[in-house]
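Comments concern the structure below.
The values are calculated or read from the model by the stated rules, or taken from the named source; none is laboratory data. If you're wondering where the values come from, they're calculated on a predicted model, not measured in any experiment. Methodologically, a virtual Cβ is constructed for each residue, glycine included, from the backbone with ideal geometry; neighbour enumeration extends over all protein chains shown.
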Amino acid sequence: MALIQEVLEIVRKRNPNEPEFLQAVTEVLESIRPVIDRNKKVRDARILERLVEPERMIQFRVPWIDDKGRIQVNRGFRVQMNSALGPYKGGLRFHPTVYAGIIKFLAFEQVFKNSLTGLPMGGGKGGSDFDPKGKSDREVMRFCQSFMTELFRHIGPNTDVPAGDIGVGGREIGYLFGQYKRLANEFTGVLTGKGLSWGGSLIRPEATGYGAVYFAQEMLKTRNETIEGKICTVSGAGNAAQYTVEKLIQCDAKPVSMSDSSGFIYDKNGITEEKLAFVMSIKNVRRGRISEYAKKFRGSKYVAGQRPWGIKCDCAFPCATENEITAEDAKKLLDNGCYLVSEAANMPSVPAAVDLFLEKKILFGPGKAANAGGVATSGLEMSQNSMRLPWPREEVDSRLRQIMSRIFKNSWDTAEEYGQPGNLVVGANIAGFVKVADAMLDQGVV
């Protein structure tokens with residue numbers, strides 16, 4: 001349709017050096033064509049043209065002093081993409097690869113992901129090109145305090161509620177929250193992923209990984225199968241990967257790999273609870289490399305400089321970063337018998353890989369649906385903060401299960417309704433878009 005091409009052309013011209021943002025916008029716009037064709041109101045209100053422009057984009061300088069007394073300068077970002085459904089909500093990423101285009105792509109994806117959860121949250125994302133790896137706790141604290149000194153004026157419990165992402169875990173959230181509290185002079189639910197003793201939610205750390213496995217279970221039900229006994233490859237060794245592996249173990253599946261930026265480990269005997277505890281100690285406490293795993297556990301091996309997509313498996317859980325599954329990787333996965341991919345990372349498969357998965361009709365859960373568990377539980381944390389009440393673990397887990405099941409059903413039914421049965425990419429994009437578009441229509445030209 002001419003309108004879609006027109007909008008994509010505008011996006012290309014305005015954002016020529018932002019390939020990730022362009023990739024995300026293209027994928028969504030291409031798959032919502034049927035809605036645009038059917039809906040003159042949406043066309044006339046120029047919803048698409050408004051949707052691809054952030055409501056607000058903030059970039060700022062973050063000066064801080066390292067342990068040697070030298071002044072360092074990083075860039076900070078916050079993209080407040082769309083608030084039609086509620087306060088902006090989305091993580092902060094601290095990683096050297098961060099630049100405006102990455103944050104915009106993540107914020108754009110977040111709009112639809114948050115819409116799918118059914119919770120009242122808009123979409124935003126932020127971060128910095130600061131690298132917490134190899135930094136002392138004091139350096140991380142000084143950086144976080146400087147970062148929040150600027151960010152605090154743009155966020156708030158009813159305006160914008162950031163959370164963690166790559167490079168931003170419990171330690172960073174603690175330092176960021178402490179500085180916000182000091183500057184705003186109020187104790188409020190402005191960040192999610194907080195410590196349990198000061199406003200955090202049970203299950204929040206586990207939610208992205210658990211949710212990706214719950215989503216996989218929903219997909220398997222359509223073939224009358226369970227995840228029990230399935231051989232599963234997992235990439236990454238951070239929060240999402242750790243809890244994906246934990247939930248797979250609990251479900252009697254067999255996770256056999258994890259990775260970090262240096263390479264991956266393959267354990268043909270399966271990663272057990274004891275082995276996972278060792279990975280958590282390497283990554284969360286000592287901040288070391290995954291290669292240590294192979295030195296400790298017999299029967300496992302470490303492969304440097306590669307990702308685990310060449311391993312024979314039934315199910316794959318990409319939990320690391322965007323575009324980690326290339327077309328070649330996707331072919332390897334399919335050749336090795338993989339018939340389920342549940343994306344716990346944001347946009348981990350390149351478009352050509354997604355096309356292959358859809359063409360072969362495997363069970364494919366796109367990130368904005370399969371990894372929505374993290375932000376869904378962040379939304380539940382916001383509710384608990386508003387009520388000043390913590391919910392027990394079982395209640396949060398049960399709500400998370402229900403939300404993942406609802407996201408799956410909504411995406412599955414929408415795909416069916418628009419003549420693309422089984423295509424959860426189309427289903428998730430349309431279901432997420434329709435809710436945002438309706439709210440934007442109701443709220444006028446803003």
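Brief remarks follow.
- Look at the range 257-286: where a residue is without any contact (Cβ under 8 Å) to a residue 40 or more places away in the chain and within 16 Å of Arg298 (Cα to Cα) and a partner is part of a strand (DSSP E or B) and of a type in the set (S, T, N, Q), sitting 6+ places away or on another chain with Cβ atoms under 7 Å, you get Ile265/Ser257; Ile265/Ser300; Asp267/Ser300.
- Residues of the range 400-434 that turn out to be of a type outside the set (Gly, Ala, Ser) and either outside any helix (DSSP H, G or I) or surrounded by 19 or more Cβ atoms within 10 Å (Cβ to Cβ) (or both), as a count: 18
- Filtered by the rule that a residue be buried (at least 20 other Cβ atoms within 10 Å of the Cβ) and not charged (D, E, K, R), the range 12-21 gives a lone residue, Phe21.
- In the range 148-167, residue surrounded by the fewest Cβ atoms within 10 Å (Cβ to Cβ) [restricted to those that are modelled with pLDDT of 95 or more and in a loop (DSSP other than H, G, I, E, B)]: Asn158
- Restricting the first member to the range 138-160 and to residues that are within 18 Å of Gly86 (Cα to Cα), and the second to residues that are β-branched (Val, Ile, Thr), the beta-carbon pairs closer than 8 Å and six or more apart or on different chains are His154/Ile58; Ile155/Val161; Ile155/Val190; Gly156/Thr188; Gly156/Val190; Pro157/Thr188; Pro157/Val190.
- Among (1) farther than 30 Å from Phe143 by Cβ; (2) outside any loop (DSSP other than H, G, I, E, B); (3) under 20 Å from the mean Cα position of the chain (by Cα); (4) among the aliphatic types (A, V, I, L, M), the one test that Leu85 misses: (2)
- Picking from residues in the range 245-297 that are basic (Lys, Arg) and touching a strand residue (DSSP E or B) at 6+ places or on another chain (Cβ under 9 Å), the one that is farthest from Gly169 (Cα to Cα) is Lys268.
- Test: residue in the range 202-215 that is modelled with pLDDT of 95 or more, surrounded by fewer than 22 Cβ atoms within 10 Å (Cβ to Cβ) and on the phi < 0 side of the Ramachandran plot: yes
- Residue match in the range 86-94 (condition: surrounded by fewer than 24 Cβ atoms within 10 Å (Cβ to Cβ), farther than 18 Å from Gly167 by Cα and free of Cβ contacts under 8 Å to residues at least 12 places away in the same chain): no
- With respect to (1) part of a loop (DSSP other than H, G, I, E, B); (2) at pLDDT 95 or above; (3) farther than 16 Å from Ala207 by Cα; (4) of a type outside the set (S, T, N, Q), the lone exception for Trp391 is condition (3).
- Of all residues in the range 119-145, exactly one satisfies the criterion of being farther than 15 Å from Gly91 by Cβ, of a type in the set (Gly, Ala, Ser) and at pLDDT 95 or above, namely Ser136.
- Residue pairs whose Cβ atoms lie under 8 Å apart, sitting 6 or more positions apart in sequence or on different chains, and linking a residue in the range 390-416 that is not assigned by TED's automatic domain parsing to the domain that holds Glu218 to a partner that is of a type in the set (Asp, Glu) and part of a helix (DSSP H, G or I), are Met404/Glu218; Ser405/Glu218; Phe408/Glu218; Lys409/Glu218.
- Hey, Lys312 of a type in the set (Lys, Arg), more than 26 Å from the chain's Cα centre (by Cα), assigned by TED's automatic domain parsing to the domain that holds Thr226 and surrounded by fewer than 16 Cβ atoms within 10 Å (Cβ to Cβ) or not: no
- Residue list for the range 325-343, filter: under 26 Å from Ala207 (Cβ atoms) and within 19 Å of the chain's Cα centre (by Cα): Ile325, Leu340, Val341, Ser342, Glu343
- Some residue of the range 137-147 being of a type in the set (Ser, Thr, Tyr) and surrounded by fewer than 18 Cβ atoms within 10 Å (Cβ to Cβ): no
- Scanning the range 331-346 for residues that are buried (at least 24 other Cβ atoms within 10 Å of the Cβ) and either out of contact with any strand residue (DSSP E or B) (no Cβ under 8 Å at 6 or more places or on another chain) or free of Cβ contacts under 8 Å to residues at least 24 places away in the same chain (or both) gives Ala345, Asn346.
- Residue check, Gly236 outside any strand (DSSP E or B), buried (at least 24 other Cβ atoms within 10 Å of the Cβ) and not polar (S, T, N, Q): yes
- For the residues Glu27, Glu53, the requirement of being at pLDDT below 95 and either within 24 Å of Leu92 (Cα to Cα) or small (Gly, Ala, Ser) (or both) singles out Glu27.
- Some residue of the range 63-71 being outside any loop (DSSP other than H, G, I, E, B) and without any contact (Cβ under 8 Å) to a residue 24 or more places away in the chain: yes
- Set Thr226, Thr244, Thr222: member being crowded, with 24+ Cβ neighbours inside 10 Å and in the same structural domain as Pro318 (by TED's automatic domain parsing): Thr244
Condition check ((1) in a helix (DSSP H, G or I); (2) basic (Lys, Arg); (3) at positive phi) across all residues:
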site: Pro34; (1), (2), (3): yes, no, no
site: Lys41; (1), (2), (3): yes, yes, no
site: Pro54; (1), (2), (3): no, no, no
site: Gln59; (1), (2), (3): no, no, no
site: Gln80; (1), (2), (3): no, no, no
site: Gly91; (1), (2), (3): no, no, no
